[in-house]
Amino acid sequence: MNHLIEKIKKEWFSNIRGDILSGMVVALALIPEAIAFSIIAGVDPMIGLYASFTMAVVISFTGGRPGMISAATGAMALLMGPLVRDYGLEYLFAATILTGIIQIIFGVLKIAKLMKFIPRAVMIGFVNALAILIFMAQVPHLINVTNITYLFVIITLLIVYILPRFLKVIPAPLIAIIILTVVAIFGNVNVATVGDLGKITQSLPSFFIPNVPFSFETLAIIFPYALALSIVGLLESLLTASIVDDATDTDSNKNREARGQGIANIVTGFFGGMAGCAMIGQSVINVKSGGRGRLSTFVAGVFLMFLIMVLGSLVVQIPMPVLVGIMIMVCIGTFDWSSFKYLVTAPKGDAIVMLVTVIIVVATDNLSIGVIAGVILSAVLFAAKISHVKMHKQETSQGYNYAVEGQLFFASVDSFVQAFDTTIKNKQISIDFTNSHVWDDSAVGAIDKIALKLKENQNTVTITGLDSASKKIVDKLAVFPKQNAKLSDH
């Protein structure tokens, strides 16, 4: 019991001022993002705002990574567009609920253990691609605009970078938003505002059950979307959790995070929101503004709703250049600048994987495609790297000894087979696997092929040096021991 109380104190109340202030900054930065992502998905801006509210509040209790922000995201919004266009809003809410159910199942099945298969090169590429995408999302706000817009962006950047040297009590982005909003309102400055993105309705979300037929046909429609949303959402959430882990030098429960994301999406679907996941941009803002605990995520969600309900008329007057400046700060802070050195010093294969991940994510605007492509490319390059088997042939008075060096599996069996002269007759052939390991059925098939061909020419074949795991798979799958070839223990 004491342990639980201590854990709650640490996760919720160990950084109260920092968490509250950073949560407020995040809430302000969430509004234009949520509206923009709603437009991408083809839905009313309030649906993205409701999603950001419910996701942040629920994940603050259920998530496994304190201080990480979950809300409506661009990656998820892109997947929803066709569903909304073809079937309507109610099906989106149903798909959001099913997304949550699938994510809970993934969490129970400990999906986070798959994170270990994502190489560092892919992680670096993921982070850099996100920084580029965040910056690219700001570019439309900087084209065909007044000079005062650029001035606001510059002043914002000066405030967020210089002010913390003198004042650390209040997050610099919050000060920038307040000061420049006041200047814009009272100075009657001609700049784009949050209100220009979409209409904000001052109303709370309400609970309802999506109005769709409860049938197999409905399930067939929403399941492909829900599965894609759940995978993309978890991939982005777990990668973001790892990034926040590194930034805060703390650890987090990734399987709990997967289950928490699921619960948050189920709640969101029942309250008229679109599916969401962790947001690296807002999570970085939170961490850089001093947010560390669950309270920061909770405040972000609650303050977001407070801004809409109580200060809606002021929120729509927040200048977009201020928020653009803050997001540019996020890009600069997110981008791994040491990756330029990494391209030169890292093995060529890793450098290529990192670049490919960045290029695919930026080109497709889809994080999951880029990361999956990076993982597959890493696997192919790794397989190519270890697929070289060295064969050492030594002639004896009675025949030949072959010593195998390297990993024997589907990608390396060709060089293994080509090393043998199967036309020789009446010799004693020894194949030594002391410096090798037999991995799969293809490897056993190659050994079989050589042993049986040599035996056909009246040669005596002896297999030696197999370690216990290799011997087990050879005993199970090979034909040659049954054909009187000799299989010796290590």
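Derived scalar couplings between HN and Hα for region 146-152 equal 6, 4, 5, 4, 4, 4, 4 Hz in order, rounded to whole Hz, by the Karplus curve 6.51 cos²θ - 1.76 cosθ + 1.60 (θ = phi - 60°), x for Gly and Pro.
Quick check: from the Cα gyration tensor, does region 37-129 come out rounded (a/c under 1.5), prolate or oblate?
Values: a/c = 1.68, a/b = 1.49, b/c = 1.13.
Since a/c reaches 1.5 and a/b is larger than b/c, the shape of region 37-129 is classed as prolate.
Compute the label zone of K476 within region 374-418: residues whose backbone N is under 20 Å from the point 7 Å along Cα-to-Cβ. Residues 407-413 qualify, since their backbone N sits under 20 Å from the label point. Across region 126-242, counting alpha-carbon atoms alone, Rg and Dmax equal 21.1, 62 Å. By a straight-distance test (C-alpha under 15 Å), which aspartates and glutamates pair with K199 as possible cross-link partners, with residues fewer than eight away in the same chain excluded? By straight Cα distance, K199 reaches E33, D44. In this structure, the amide hydrogen of I170, modeled 1.01 Å from its nitrogen in the peptide plane, lies closer than 5 angstrom to no residue at least 5 positions away or on a different chain.
For region 201-212, the Karplus equation 6.51 cos²θ - 1.76 cosθ + 1.60, evaluated at θ = phi - 60°, returns couplings of 9, 7, 8, 7, x, 10, 6, 7, 9, x, 7, 10 Hz by residue, with Gly and Pro reported as x. For region 390-489, a crude dipole built from +1 on the beta carbon of Lys and Arg and -1 on the beta carbon of Asp and Glu, taken about the Cα centre, is about 300 debye to the nearest 20.
For the chain, what is the charge dipole size about the Cα centre, in debye to the nearest 20, if Lys and Arg each add +1 at the Cβ and Asp and Glu each add -1 at the Cβ? Kindly include the intermediate steps, with their values, before the conclusion.
Numbers: 34 positive and 30 negative charges, 179 e Å.
That gives a dipole near 860 debye.
Take the alpha carbon gyration tensor of region 286-326, find the square roots of its eigenvalues, order them as a ≥ b ≥ c, and report rounded if a/c is under 1.5; if not, report prolate when a/b exceeds b/c, else oblate. Judged from the Cα gyration tensor, region 286-326 comes out oblate (a/c at least 1.5, b/c at or above a/b).
Dipole of the chain computed with +1 at Lys/Arg Cβ and -1 at Asp/Glu Cβ about the Cα centre; of G262, L355, V108, farthest Cα towards the positive end is V108. Seen from A411, the other residues with C-beta closer than 12 Å to its C-beta sum to a net charge of -1, counting Lys and Arg as +1 and Asp and Glu as -1.
Rounded to the nearest 20, the size of the Cβ-charge dipole of region 43-116 about its Cα centre is 500 debye, with Lys and Arg at +1 and Asp and Glu at -1. Taking amide H as placed 1.01 Å from N in the peptide plane, the amide H of T193 sits under 5 Å from that of M320, each at least 5 places away or on another chain. At full extension, I175 and I369 could sit 66.1 nm farther apart than now, given 0.36 nm per residue minus the alpha carbon distance. Label point of S215 set 7 angstrom out along Cα-Cβ; within region 81-103, amide nitrogens under 20 Å from it belong to 83-96, 98. Of the residues V344, M329, Q407, the one whose Cα sits farthest toward the positive end of the charge dipole of region 328-461, with +1 on the Cβ of Lys and Arg and -1 on the Cβ of Asp and Glu, is Q407. Amide H to amide H distances under 5 Å link V461 with I429, K486, where only residues 5 or more positions off or on other chains count and H is placed in the peptide plane. Using a ≥ b ≥ c from the Cα gyration tensor of region 186-319 (square roots of the eigenvalues), is it rounded, prolate or oblate, where a/c under 1.5 gives rounded and otherwise the larger of a/b and b/c decides, a/b for prolate? Because a/c hits 1.5 or more and a/b fails to exceed b/c, region 186-319 counts as oblate. The DSSP beta bridges internal to the chain are antiparallel in roughly 35% of cases. In units of the compact-protein estimate 2.2 N^0.38 Å, region 390-489 shows a Cα radius of gyration of 0.96. A crude spin-label estimate for the pair S14 and Y161, with each label 7 Å from Cα along the Cβ direction, gives 3.3 nm. Here the extension length gained between K453 and F340 equals 35.4 nm, from 0.36 nm per residue of separation less the Cα-Cα distance. Loop-located trypsin sites (Lys or Arg not before Pro) in region 383-429 (DSSP state other than H, G, I, E, B) with a sparse environment of at most 12 neighbouring Cβ atoms within 10 Å: K425.
Within region 10-343, the proportion of Cα pairs with more than 32 Å between them is 25 percent.
Every read-out reported here was derived from the displayed coordinates using simple, explicitly stated rules and does not represent laboratory data. Quantities reported herein were computed from a predicted structural model and do not represent experimental measurements. So basically every Cβ, Gly included, is an ideal-geometry build from the backbone, and we count neighbours across all protein chains shown.
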